[in-house]
Amino acid sequence: MQRDGNWEEEEKAVLVGVELPRERSIFGVEESLDELAALARTAGIKVVGRLSQRLDRPYPATLIGPGKIEELKDEIALSGANVVIFDEELSPRQQRELEERLGEHVKVIDRTTLILDIFAKHAHTREGVLQVSLAQYRYRLPRLTRQWTHLSRQTARTAAGVGLRGPGETQLEVDRRAIRKRIAHLEKELEEVRKQRSVHRQQRRRASLPVVALVGYTNAGKSTLLNALADAGVLVADKLFATLDPVTRRISLPGGREILVTDTVWFIQKLPPTVVAAFRATLEEVQEADVLLHVVDITHPHVLAQAKAVGEVLEELGVTDKPIVVALNKIDLLDDPAEARKVAKAFPNSVAISAAKKIGLDDLLERLKSTLEAQMVKVEVMVPYSDGELVSLFHQRGVVEKEEHTGTGTVIKGLLPVWLLPKFRGLIQSKSG
């Protein structure tokens with residue numbers, strides 16, 4: 001577990017889950033704790049116990065009830081745990097109360113903290129580091145307690161040893177001011193990243209290359225698939241969030257048309273809002289894609305629940321209207337091929353594949369080709385010179401086959417996405433497809 005920039009050895013954790021009538025989890029409490037255990041292992045933490053409680057409503061001060069807290073204390077003493085990880089996000093008050101009741105030798109964290117620490121470990125590019133840092137600082141600001149006092153060593157004094165605190169200002173206030181300043185700086189840097197990404201997207205559009213965005217639950221095999229399609233050289237590991245930084249590669253569809261495939265998005269249930277907000281620049285890649293390629297681990301016992309979690313995040317991003325091709329991955333691990341046909345019934349426009357064994361990839365590329373073509377209409381438009389921005393839009397979003405400048409405007413023949421046709425209402429000379 002990361003704390004103050006260092007990773008401590010041999011952290012042992014007890015996991016705590018809560019089952020509420022309207023909880024966010026799409027899994028049962030035990031299945032959700034299974035996933036939390038996998039997250040803990042990814043962070044290098046040994047899981048030595050777990051507890052759960054069914055509640056009508058959470059306790060405002062501690063989330064779980066007083067009896068369950070005593071049971072948790074016994075579990076800590078019995079297992080020798082020094083970390084308690086809650087599967088629900090703790091409020092600042094709940095975290096403080098639990099720290100006091102469990103004692104200073106036990107660190108209390110929640111699912112969000114764990115995910116952010118894993119992200120910090122796996123972010124390698126400047127963009128990834130900036131995004132994770134921003135999410136961490138936003139999350140820590142209202143939770144500054146004894147656990148997050150490292151800023152005092154960095155900001156309380158100058159190199160000459162002169163204190164920086166104002167009259168009557170506590171160290172906690174100094175730390176909060178330092179974090180707010182750091183957040184503002186990170187937001188400014190990420191806005192520059194966002195602008196750069198926008199420029200790159202415009203360049204891709206001018207090249208008339210359709211964009212396919214890989215989405216899917218963490219560990220479904222997105223990176224393996226990108227490697228199989230394009231020799232991308234992306235890290236492949238049997239861990240949650242093994243890759244974090246975005247990768248885009250050019251591949252050819254049957255018939256020779258080239259597309260760009262971007263592996264940018266990892267999904268997990270209860271994805272923290274702070275993460276979604278901080279990773280806005282990366283998530284915009286999904287919003288700008290022509291087609292979403294949803295990679296599904298067909299062997300997972302909760303495959304439908306995982307797919308639902310992905311759908312919920314896509315809904316948050318406002319991209320549920322985009323065409324989706326589903327890659328039912330890891331069929332090589334199935335004992336009975338009929339299982340794939342059974343699961344396929346729940347996923348329209350799906351293709352069964354094995355990214356690791358490169359099975360079914362030709363069928364997948366054919367499906368991507370037909371899906372992209374179904375979104376395009378062959379048109380001829382006459383754009384007046386006064387509407388020059390529509391010419392740019394055609395170049396950015398469509399495929400220009402022929403362009404001619406006449407006395408009254410620009411005549412363009414080519415392909416346009418169906419959803420873009422209303423922009424050219426009254427300018428279309430002919431249409432087919």
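The values are calculated or read from the model by the stated rules, or taken from the named source; none is laboratory data. Only a predicted model underlies this, so the values are computations on that prediction, with no experimental measurement involved. As a convention, Cβ positions derive from the backbone with ideal geometry for all residues, glycine included, and neighbour counts pool all protein chains shown.
Structural remarks
- Condition met for Asp34 (crowded, with 22+ Cβ neighbours inside 10 Å and modelled with pLDDT under 95): no
- Residues that are assigned by TED's automatic domain parsing to the domain that holds Gly221, among the β-branched types (Val, Ile, Thr) and modelled with pLDDT under 85 number at least 2 in the following helices (runs of 4 or more DSSP H) confined to segment 237-324: 273-278, 280-288.
- Each residue in segment 129-181 was checked for being within 24 Å of Asp110 (Cβ to Cβ) and either at pLDDT below 50 or in the same structural domain as Gly103 (by TED's automatic domain parsing) (or both), and 7 pass.
- Selected residue (criterion: surrounded by the most Cβ atoms within 10 Å (Cβ to Cβ)) from residues of segment 299-312 that are under 26 Å from Glu373 (Cα atoms) and touching a residue at least 24 places away in the same chain (Cβ under 8 Å): Val310
- Test for Gly409: is it over 25 Å from Asp297 (Cβ atoms) and either crowded, with 19+ Cβ neighbours inside 10 Å or in contact with a helix residue (DSSP H, G or I) (Cβ under 6 Å, 6 or more places away or on another chain) (or both): yes
- Filter result (crowded, with 18+ Cβ neighbours inside 10 Å and under 23 Å from Leu253 (Cα atoms)) within segment 330-364: Lys330, Ile331, Phe347, Ser350, Val351, Ala352, Ile353, Ser354, Ala355, Gly360, Leu364
- The sole residue among Ala327, Ala340, Ala346 that is assigned to a strand (DSSP E or B) and either more than 20 Å from Asp290 (Cβ to Cβ) or in the same structural domain as Val296 (by TED's automatic domain parsing) (or both) is Ala327.
- A single entry from Ala327, Ala374 fulfils the requirement of being of a type in the set (Gly, Ala, Ser) and either over 30 Å from Val411 (Cβ atoms) or surrounded by 14 or more Cβ atoms within 10 Å (Cβ to Cβ) (or both): Ala327.
- Annotation note: Cβ proximity below 6 Å between a residue of segment 102-129 that is β-branched (Val, Ile, Thr) and a residue that is in a helix (DSSP H, G or I) and modelled with pLDDT under 90 (sequence gap 6+ or interchain) occurs for Ile118/Thr42.
- Failed criterion for Gly67 (all others in (1) at pLDDT 95 or above; (2) under 22 Å from Ala37 (Cβ atoms); (3) out of contact with any Gly (no Cβ under 6 Å at 6 or more places or on another chain) hold): (2)
- Within segment 378-424, tally of residues that are β-branched (Val, Ile, Thr) and either assigned by TED's automatic domain parsing to the domain that holds Ala213 or part of a loop (DSSP other than H, G, I, E, B) (or both): 2
- For segment 89-121, a tally of residues being part of a helix (DSSP H, G or I), charged (D, E, K, R) and crowded, with 21+ Cβ neighbours inside 10 Å returns 2.
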